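What follows is a single structure, written as structure tokens, with notes after it.
The values are calculated or read from the model by the stated rules, or taken from the named source; none is laboratory data. Not measured: the values here are computed from a predicted model. Note that we place each Cβ from the backbone using ideal geometry, even for glycine, and neighbour counts take in every protein chain shown. Surface areas here come from the heavy atoms of the whole protein model, side chains and all, with no ligands, DNA or RNA. Shrake-Rupley method; radii C 1.70, N 1.55, O 1.52, S 1.80 Å.
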Amino acid sequence: MNISLFVWLLDVSSIMSILPHPFFCVFTPQIVGVTTRLPPIQRLVEIKSVSEQLHFKISTLLLHSGKVTEAVTWFRQHKNTYKRLVGAPEAILVHWEWMSRQYLVFGELLETSSNATQNFPPVILGSSSKSLSEWEYYPAYYYQLAAHYLSEKRSALELAISLSEIPNEVDIGADSVVPSAYVGQFARLLEEGDNVDMLPLTDEGYAHYAVSEGKRFRDSLEIIALLKKAYESYSGIKLQRMSSFCGFQMAKEYFAEGEIGNAKQIFDNIASLYRKEGWVTLLWEVLGYLRECSRKNGTVKDFVEYSLEMAALPISSDTGVQRDTGPAGPANILQREILHKEVFELVGEAVLTKNEDSSNLKISAEELVQLEVDLVSPLRLVMFASVAFHEQTIKPGTSTSITISLLSHLPLTVEIDRLEIQFNQSSCNFFITNAEKHHYVEGSDTQKQRTETAPSLSLVSNKWLRLTYNIQSDQSGKLECLSVIAKIGSHLAICCRAESPASLDSLPLWTLEDCAQTVPIKDAVLVFSGQKSTQVEEPDPQVDLCLGASGPALIGEVFLVPVTLVSKGHAVYSGELKINLVDVKGGGLFSPRDSEPYSMESHHVQLLGVSGPEGEDDSQLDSDKIKKIQQSFGLISVPFIKNGDSWSCKLEIKWHRPKPIMLYVSLGYKPNDYEPNNAQMVHVHKNLQIEGNNAIVINHHYLMPFRRDPLLLSKNKEASESDQPEPLPSNQNTILVISAKNCTEVPLRLKSISIGEEDGVESTCSIQHGNEELSDPALLVPGEEFKKVFSVSSNINISKLRLGTACLRWRRDLGVEEKSASTAILSSWVVTEQKLPDMNVELPPLIVSLECPPYAILGDPFTYYIRILNQTQLLQEIKYSLADAQSFVLCGYHNDTVYVLPKSEHIVSYKLVPLASGMQQLPRFSMTSVRYSAAYQPSNSSNTVFVFPSKPHFKTAASTIFRVEESVANE
């Protein structure tokens with residue numbers, strides 16, 4: 001029975017039943033030993049084809065069942081069994097193609113398995129079997145080997161084609177070979193008219209057919225595809241080294257196919273990893289390919305960079321490993337020297353007189369190849385520069401020493417024609433020329449700048465070239481060396497970024513080499529502290545900046561800070577004043593809150609503007625000058641000031657809230673007017689702390705008419721509501737006293753105190769007072785309080801009294817300058833406003849009035865009246881009592897109950913005889929309303945009277961009695 005028939009009749013269930021290990025060991029040798037009438041080569045092809053299909057089915061079932069380890073083990077046995085069955089030499093390419101296909105198919109099956117990404121421990125099958133490695137669980141491993149066997153097939157195909165003597169006849173004969181009806185078998189197709197016959201195929205004919213089929217396909221494209229899959233798979237699981245190895249093989253295939261762009265991109269990525277890992281030999285090989293890519297593309301700069309990097313690699317002798325290094329050649333010191341000479345011959349003057357070879361590398365007479373070497377450039381192996389200033393700070397105009405050190409790892413000595421040292425201040429740039437080649441630079445642009453001559457600029461391999469020169473700067477600020485440009489020949493310049501000795505990074509590829517570590521500078525102190533920059537101090541200013549302030553600033557006023565500039569040696573050109581307001585406590589000068597007790601302004605402190613000197617018009621000051629004023633920053637220009645002259649201005653600052661600030665004022669100017677763009681700026685800085693305080697504290701309180709008190713029921717509520725303000729009686733006149741207290745350390749002038757209505761709010765009361773403005777502004781010394789009395793009467797049909805806003809107009813007292821001050825200053829009054837709280841209004845049911853003479857005489861009786869007014873429509877039951885007093889003899893009821901009719905008044909009278917002189921307390925009256933359960937007692941001030949020892953005698957009876965009565969009433 002044919003083997004293929006046996007395979008196709010084999011059911012899937014029967015496959016699962018024969019999966020145990022004995023089948024693995026027995027079935028394959030039986031297939032190989034089957035007797036067949038096919039020739040040897042085709043018989044082996046048939047066996048491998050049948051085994052391939054059986055292997056595919058078994059692997060698929062194992063992987064779909066989650067048995068990844070068993071599947072990998074089965075594949076290892078499968079490939080070990082057939083790896084040795086190569087066959088005849090003339091058909092060996094068929095074997096390599098079959099091996100490649102086995103790895104490819106199993107890799108794809110493993111990649112699609114859901115469990116393929118898990119980590120599996122090694123499995124030991126027995127004493128004769130090796131444990132599975134971790135690599136055998138990665139699909140990329142199989143893609144990589146598939147590409148390897150396909151490259152073996154390509155080599156065998158090339159050998160077969162080269163040995164073929166009649167390739168055309170082979171191709172013609174191969175066209176009639178077709179697959180047979182059986183798996184793995186082929187036959188020759190013979191057509192005679194309408195009859196088609198299948199004739200047996202000889203091994204020689206099959207070999208010719210295999211070679212012909214191999215010529216039809218480009219194996220390189222498939223190898224690239226396989227290596228790309230392996231590269232991406234390794235990259236996905238973060239195996240960068242294996243990924244780079246596959247990428248390198250793929251780039252070599254691109255290079256062989258002539259796809260230089262794709263090859264160079266991959267080579268560059270791999271070279272970056274090899275530089276980081278320090279794999280010098282592998283990097284040498286990759287750079288060799290990159291060098292050839294640049295040669296084919298005709299990019300001279302890239303060719304020079306790769307060639308110099310190869311020449312500077314730390315390779316001193318043969319590694320002892322015989323391997324193909326590609327176009328780079330052997331990795332040894334001799335090859336490094338060859339590369340060194342080739343590059344410098346290319347960029348030297350001699351190449352212009354030679355005939356160009358067949359390469360694409362050409363340099364025109366005017367072309368300059370400039371290489372950039374920074375801190376991360378691989379060209380730091382070729383050359384890098386260390387620069388150290390000998391002093392950290394210098395005065396402007398004074399010189400200091402600077403040491404430039406160069407180091408190269410190229411195998412041969414480099415002769416530098418010229419060095420250009422560049423700084424951030426271009427005026428300090430200078431050139432260093434080689435005395436041995438001075439004729440080369442005589443016609444160059446070095447004549448325009450400072451040029452120094454060195455006896456020799458020979459840069460010996462692995463030895464520092466140290467050059468020390470003096471340098472000076474007239475411009476203050478940071479002086480930093482940016483780069484050192486080495487000009488070599490007519491067409492090569494190497495620009496090295498300057499590095500500080502104190503922060504000099506070592507070269508990773510040369511760190512592990514057996515060579516002496518040297519320092520860029522001989523001074524041991526500068527080795528650890530030397531920097532490539534120094535600080536040029538500013539010249540000493542010869543202009544005084546003075547800030548003056550008269551006492552603390554007051555909230556609401558425009559506070560003036562005089563700023564005076566006095567020239568004492570320098571004239572002031574292009575002067576600028578910078579003003580900054582900074583919160584002392586660091587909280588900022590801006591508040592996002594919408595409601596503030598002092599002002600609705602969002603800024604606590606504002607810089608309003610700058611006023612010029614006395615008699616100078618602001619418009620004249622600002623003409624063609626800079627003036628930028630913001631909330632807390634200002635920039636103004638200063639006019640020209642001659643030596644010995646002065647100039648002043650005043651800063652206008654306004655406080656909206658009490659806050660201490662720090663005022664910073666900085667003057668920047670040029671002491672001369674020549675070279676306006678490059679002239680040195682001189683700065684003067686001053687600061688002043690200013691306190692912002694409240695000027696006036698406004699208070700208010702209410703008074704009832706003297707000895708006339710209403711009975712307000714809300715006063716008798718629970719103690720929990722005692723924090724509520726006492727209501728005012730409606731339809732009654734109430735006295736409002738507003739006081740203004742000077743809480744500063746400076747005297748103030750008070751212009752007026754008034755109450756204004758709020759915009760859009762209807763008035764609910766009438767307020768009567770005298771003149772709003774004082775004819776002579778009142779002087780308030782520190783701590784003094786000024787009071788003003790207002791009479792407030794409310795309407796009867798309201799429940800809340802809206803008084804409005806208390807408004808004060810004041811200013812700072814000028815002292816001796818008060819009379820001589822200008823009208824503008826005298827009229828600059830500050831307005832301070834404070835909203836008066838709304839008051840609840842209540843209609844009192846009872847009003848108690850106490851009536852007695854303004855004074856009494858010792859021993860003379862007088863009548864004491866108590867009036868009780870009922871303002872309700874109800875009968876009121878009143879219980880009252882009058883307590884005894886030691887200073888008076890009382891005649892009348894001590895306790896009684898009376899009934900007061902609606903809208904009527906009840907009067908209770910007593911006779912009192914004073915028994916002592918002086919200020920005496922009247923008998924205390926108390927009353928209780930039975931209906932409201934409310935009690936009343938008069939205040940102590942309304943329950944006193946002054947008793948004279950005898951009848952007083954006054955010169956002007958009427959006026960004196962009036963004044964005495966008024967004085968007693970106020971007390």
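Partners of LYS276 within straight-line reach, counting lysines whose Cα lies under 20 Å from its Cα and excluding those fewer than 8 residues away in the same chain: LYS238, LYS264. The slack in the chain from LEU334 to ASN424, taken as 0.36 nm per residue of separation less the alpha-carbon distance, amounts to 28.2 nm. Where in the stretch 421-435 is the amide nitrogen less than 15 Å from a point lying 7 Å along the Cα-to-Cβ axis of GLU415? It comes to 434-435, nothing else. Note on CYS891 and ASP860: the model spin-label points, each 7 Å out from Cα along the C-beta direction, lie 1.6 nm apart. TRP655 sits with roughly 0 Å² accessible to a 1.4 Å probe, with DNA, RNA and ligands left out of the calculation.
Efficiency by 1/(1 + (r/R0)^6): what FRET value for GLU158 and ARG84, r their Cβ-Cβ distance, R0 = 25 Å, to the nearest 0.05?
For R0 = 25 Å, the calculated efficiency reads 0.60.
Working note: Karplus 6.51/-1.76/1.60 with θ = phi - 60° gives the stretch 921-928 the couplings 8, 5, x, 6, 9, 9, 9, 9 Hz, where Gly and Pro are set to x. With both labels modelled 7 Å from their Cα along Cα-to-Cβ, the ASP474 to LEU875 distance reads 11.3 nm.
Note on PHE56/ASN297: beta-carbon distance plugged into 1/(1 + (r/R0)^6) with R0 of 51 Å gives a FRET efficiency of 0.70. Electrostatic tally near THR413: other residues with Cβ closer than 13 Å to its Cβ, Lys and Arg +1, Asp and Glu -1, net -1. The listed residues VAL45, VAL376, VAL682 rank as VAL376, VAL45, VAL682 when sorted by accessible area, largest first, using a 1.4 Å probe.
Residues ASP860, ASP776, ordered by accessible area of protein heavy atoms at a 1.4 angstrom probe radius and largest first, appear as ASP776, ASP860. For the stretch 893-949, the share of accessible area belonging to carbon and sulfur comes to 53 percent (1.4 Å probe, ligands and nucleic acids excluded). With every protein chain in place and a 1.4 angstrom probe, the accessible-area ranking of LEU504, LEU846, largest first, reads LEU504, LEU846. Residues whose amide H falls under 5 Å from that of MET681, counting only those 5 or more places apart or on a different chain, are SER476, with hydrogens built in the peptide plane. Residue pairs exceeding 24 angstrom between C-alpha atoms, taken from LYS79/LYS153; LYS650/LYS751; LYS448/LYS487: LYS650/LYS751. Residue separation of PHE633 and HIS64 scaled by 0.36 nm, minus their Cα-Cα distance, works out to 197.3 nm of gained length. Amide H contacts under 5 Å for LEU132: VAL123, restricted to partners 5 or more places along the chain or on a different chain, H placed in the peptide plane at 1.01 Å from N. Probing with 1.4 Å while keeping every protein chain in the model, the per residue accessible area of the stretch 239-305 equals 39 Å². Rolling a 1.4 angstrom probe over the stretch 395-498 with all protein chains present gives an accessible area of which 44% lies on carbon and sulfur atoms. For the stretch 828-862, the residues whose amide N sits under 17 Å from a probe point set 7 Å from the Cα of MET919 along the beta carbon direction are 854-856. A simple count of charges around SER849, restricted to other residues whose Cβ falls under 14 Å of its Cβ and scoring Lys, Arg +1 and Asp, Glu -1, yields 0.
Using the Karplus relation 6.51 cos²θ - 1.76 cosθ + 1.60 with θ = phi - 60°, the per-residue 3J(HN,Hα) values for the stretch 569-576 come to x, 10, 7, 9, 10, 6, x, 9 Hz, with x marking Gly and Pro.
Per-residue extension of 0.36 nm, minus the Cα-Cα distance of GLN265 and LEU608, leaves a gain of 117.2 nm for this segment. Heavy-atom accessible surface of the stretch 391-430, averaged per residue, reaches 33 Å², computed with a 1.4 Å probe. Electrostatic tally near ILE92: other residues with Cβ closer than 9 Å to its Cβ, Lys and Arg +1, Asp and Glu -1, net -1. For GLY489, the amide hydrogen comes within under 5 Å of the amide hydrogens of ASP417, counting only partners 5 or more places away or on other chains and with H modelled in the peptide plane.
With the simple spin-label model, which puts each label point 7 Å out from Cα in the Cβ direction, the ASN462 to GLN768 separation comes to 11.3 nm.
Mind giving me the FRET efficiency for GLU833 and ASN580? R0 is 22 Å, r the Cβ-Cβ distance, nearest 0.05 is fine.
Approximately 0.15, to the nearest 0.05.
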